[in-house]
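Asker: First the structure, which I've put down as structure tokens, then a few questions once you've had a look.
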Amino acid sequence: MTGRAVRSPAARRWFALAALLAGAAALAVTVLVLLRDPLELVLAAVLVGIAVAAAWAALVRRGPRRVLAAAVALLALAATVALPDLRAYLWFLVVVVLVALSGAATRAALGHPPSTDGTPVGPARHGVLILNPRSGGGKAARFGLAERARALGVEPIELRPGDDLRSLAEQAAAGGADVLGMAGGDGSQALVADVARRHGLAFVCVPAGTRNHLALDLGLDREDVPAALAAFGDALERRIDLAELNGRVFVNNVSLGVYASVVQSPDYRDAKAATVARQLPGLLGPDAPRPDLRFGLPDGTRSESADVVLVSNGPYRLEHLSGFGTRERLDRGSLGVVTVTVDRAAEVPRLVSAEMAGRISRFPGYRSWSAPEFVVESGLPAVEAGVDGEAVRLAPPLRFRILPGALRVRVPRDAPGASPAAMLPPGTRAVVVALVRVLAGRTT
């Protein structure tokens with residue numbers, strides 16, 4: 001693994017010190033400026049806030065309202081720059097920079113050392129790695145994964161145009177493979193993981209796709225793609241859950257409603273954020289119909305609609321609907337369910353602001369819970385869905401269920417072995433305590 005993922009205790013202590021100092025400096029600067037120029041500081045913060053809110057309102061509006069919101073954003077920025085005393089504005093920017101530095105140093109300091117979660121296992125006797133050369137913009141070829149696999153005694157199989165991925169995985173299993181790996185995106189990972197599950201084989205995830213959410217939550221370094229191949233050697237093995245939708249296995253999540261419609265766009269895979277921004281006004285505008293999605297709620301009542309429904313293989317710590325967050329563990333034995341309902345007239349700008357600020361769980365129409373099974377009904381002949389990022393249309397009802405401990409998965413012994421959700425404790429006080437523990441040379 002690279003130094004980005006696993007840092008020495010001394011380096012982590014330096015990052016912890018930097019995080020605490022930068023945070024304290026941000027607080028001190030704020031207090032100082034409040035004492036010297038309280039009105040100017042508050043006015044600068046308010047103007048910047050108005051500019052941001054108006055800019056996002058312009059993003060989700062159409063016609064004259066979009067022009068008006070854009071004009072308000074520009075006027076707010078101009079007023080900020082035109083403040084009689086720019087010191088407050090400049091101090092405000094200094095605080096923002098200090099907070100950003102403290103956050104980055106905190107993440108570096110609390111990054112976990114190599115995991116001990118799992119059972120030590122020896123090298124694969126007959127390892128097979130299936131590669132999708134088109135995934136992730138050609139990562140398999142760029143990192144020379146086939147050649148690296150051969151050097152480790154692992155048989156590489158390349159997915160060619162016209163090949164059926166499941167058939168290749170089944171052939172590898174029938175040919176005596178005891179460890180089956182996939183180098184590709186999350187959709188491909190799910191299919192090959194399902195074959196490994198059915199044959200009782202161990203599975204290796206190689207993050208050669210675009211987002212690689214499964215690899216992230218397994219604690220792999222997604223930037224160091226070849227490092228994942230070490231799981232075919234001496235490794236740690238543990239069992240994780242899989243989830244199923246109408247008999248189809250998925251490893252991350254299924255989106256229904258607004259985001260499922262966005263995923264259907266041919267532009268989504270290449271330009272996710274831009275596609276979401278372009279389609280959001282029409283999908284959540286005042287004249288847009290609500291998706292026909294009906295389901296039971298934890299209190300025993302039923303919901304007749306929701307704008308967004310996300311069903312995940314394990315509960316997520318969700319920050320952004322478009323990014324889908326991360327999972328603290330992959331062996332909870334339950335689905336994660338999130339629904340979002342938006343008041344078309346007033347709440348679209350607020351939803352976008354919460355999404356961009358990474359605080360989607362604070363949006364009023366947000367609900368989340370866990371369940372071993374979940375059923376979505378609809379009067380439509382087919383429901384649009386994004387299954388691990390792949391656009392599909394499925395006949396209702398949509399039946400979700402968790403498959404607890406269904407997959408044996410191997411990770412390298414020197415991998416961090418923890419997702420971001422597990423690395424950073426929630427809450428300011430918990431973060432400060434964790435940083436002090438690192439600074440004192442104790443584990444978090």
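Asker: For I157, which sequence-distant residues (separation of 5 or more, or a different chain) have an amide H within less than 5 Å of its own amide H, given hydrogens modelled in the peptide plane?
Answerer: When sequence neighbours closer than 5 places are left aside, the close amide H contacts are L129, I130, L131.
Asker: How much FRET efficiency would the formula 1/(1 + (r/R0)^6) give for V46 and S368, where r is the Cβ-Cβ distance and R0 is 35 Å, rounded to 0.05? Let's see the in-between values first.
Answerer: Working: r = 32 Å, r/R0 = 0.91.
Rounded to the nearest 0.05, the efficiency is 0.65.
Asker: Follow-up. Suppose R0 equals 22 Å; then what is the FRET efficiency for A71 and V94 from their Cβ-Cβ distance, rounded to the nearest 0.05? If you can, show how the numbers build up before the last one.
Answerer: Details: r = 29 Å, r/R0 = 1.32.
After rounding, the FRET efficiency stands at 0.15.
Asker: Residue separation times 0.36 nm, minus the C-alpha to C-alpha distance between R198 and A24: what's the value?
Answerer: Stretched fully, the R198-A24 segment lengthens by 57.3 nm.
Asker: Could you list the GluC sites (Glu not before Pro) in region 147-235 that lie in coil according to DSSP, counting only those with at most 14 other Cβ atoms within 10 Å of their Cβ?
Answerer: Details: sites: E147, E158, E170, E223; in loops: E223.
Listed in order of number, the matching sites are E223.
Asker: Could you order peptides 364-373, 200-209 by the average number of other Cβ atoms within 10 Å of their residues, highest first?
Answerer: 200-209, 364-373
Asker: Taking 0.36 nm per intervening residue step and subtracting the Cα-Cα distance, what contour gain separates R239 from A440 on full extension?
Answerer: Working: separation 201, 0.36 × 201 = 72.36 nm, distance 3.38 nm.
Taking R239 through A440 to full extension adds about 69.0 nm, to one decimal.
Asker: At 0.36 nm per residue, minus the direct Cα-Cα distance, what do E304 and N246 gain on full extension? Give it in nm, one decimal, please. It would help to have the intermediate numbers written out before the result.
Answerer: On the way: separation 58, 0.36 × 58 = 20.88 nm, distance 2.09 nm.
Gain in length upon complete extension: 18.8 nm.
Asker: If R₀ is 45 angstrom, what is the calculated FRET efficiency for the pair A141 and D178, using the beta carbon separation as r and rounding to 0.05?
Answerer: On the way: r = 27 Å, r/R0 = 0.59.
Between A141 and D178 the formula returns 0.95.
No value in this document is a laboratory result; all are computed from the given coordinates. Everything numeric in this text was worked out from a predicted model, so none of it was measured. Reconstructed Cβ throughout: ideal geometry from the backbone, glycine too, with neighbour counts over all protein chains shown.
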